[in-house]
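The values are calculated or read from the model by the stated rules, or taken from the named source; none is laboratory data. Not measured: the values here are computed from a predicted model. Every residue, glycine as well, gets a Cβ built from its backbone with ideal geometry; the counts of neighbours run over all protein chains shown. For the accessible areas, the whole protein counts, side chains as well, though only heavy atoms, and no ligand, DNA or RNA atoms are used. Shrake-Rupley method; radii C 1.70, N 1.55, O 1.52, S 1.80 Å.
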Amino acid sequence: MKTEITELLGIEYPIVQGGMAWVAEYHLAAAVSEAGGLGLIGAASAPAEWVREQVREVRKLTKKPFGVNIMLMSPYADEVAKVIVEEQVPVVTTGAGNPEKYMTMWKEAGVKVIPVVASVAQAVRMERNGADAIVAEGCEAGGHIGESTTMVLVPQTADAVEIPVIAAGGIADGRGVAAAFMLGAKAVQVGTHFVVTTESQVHENYKDRIIKAKDIDTKVTGRTTGHPVRALRNQMTREYLKKEAEGVPFEELEKMTLGGLRKAVVDGDVNTGSVMAGQSAGMVKEKMSCAQLIQKLAGEADTLLKGTSIYE
Ligand code: TUI
């Protein structure tokens, strides 16, 4: 499945793993890259030295290209941005902000820069700043989200920029991959399904919740605070949404989610923790290895795109 993105990144399949906070660590990233996709380390709010260690661990497990996702709201973003250069990380993806101030430094170091955006305007701005490609992430995605769905965001982004677009949000099987290509994407980013792979170090309680989730089992908290976050519905989302509707102040709401993702991912507290996942959780039915998942996504999409099913 050769596309502009596989050529740009030197990977075999046009499949990128989401740079998910607490989830995207070196075992997962190395497994995805070794299987021919692009594995990512999610720097989230971790200190720069943690990121450096993770990068070095990935390199012990695979010689193939990989990347780091830098969450720009992190207090350590400046230091992490430098670690990416020092460790000669081949690809960086960015989230939750504008990476403009790091762009020159990364480009001079030969790092491929792929910002994640949730609107056409952000995509256009990133292209102007020198981005090599863009991830257009629809609000079906888990975690911090924008307003538009993947179905409308991807084609409008593909029309607005020259650089290749990677579709994200709601993609968990080959139909989603094929659909993304039809919408103008040159690759996909998958998060939720990779959480449930055998190489993922996430607590089994978290994986089981995703497997059991149905179509309507995610909720978006924080719409009124300007920080909308999608997670599986549980005691935390119920209490948060109740308080949010009551008009409880922002600071008090924030306290409810502080450390919530760690609690769910590491401790397995899926009741009071934040079990971030996309709407595609309802489509994730079994655990498999990263290689099996990539083969499944690519195989199914390839069959569909060759036109064997659509006109039958
Ligand atoms: O970043 C994500 N998803 C995330 S990040 C996260 S961890 C977190 N920690 C603290 C607060 C909030 C989140 C969990 N999930 N997705 C990519 C994404 N980026 N979605 C939306 C954006 C985005 C937002 C604003 C991209 C650019 C942007 O630009 C602002 C600007 O100045 O233009």
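Under the condition of being part of a loop (DSSP other than H, G, I, E, B) and either touching a residue at least 24 places away in the same chain (Cβ under 8 Å) or among the basic types (K, R) (or both), which residue from region 77-91 is nearest to G110 (Cα to Cα)? Within region 77-91, the match that is nearest to G110 (Cα to Cα) is P90.
Scanning region 210-224 for residues that are of a type in the set (D, E, K, R) and within 28 Å of E252 (Cα to Cα) gives D217, K219, R223.
For (1) of a type in the set (S, T, Y); (2) open to solvent by 10 Å² or more (accessible area, probe 1.4 Å); (3) within 11 Å of the ligand (Cβ to nearest atom); (4) modelled with pLDDT under 95, each residue gets a yes or a no:
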residue: T94; (1), (2), (3), (4): yes, no, yes, no
residue: E108; (1), (2), (3), (4): no, yes, no, no
residue: A118; (1), (2), (3), (4): no, yes, yes, no
residue: I145; (1), (2), (3), (4): no, yes, yes, no
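Of the set (1) within 26 Å of A30 (Cβ to Cβ); (2) not in a helix (DSSP H, G or I), all apply to A264 but (2).
Residues of region 111-121 that are in contact (Cβ under 8 Å) with a residue 12 or more places away in the chain and either out of contact with any Ser or Thr (no Cβ under 9 Å at 6 or more places or on another chain) or farther than 17 Å from Q156 by Cα (or both): V111, K112, V113, I114.
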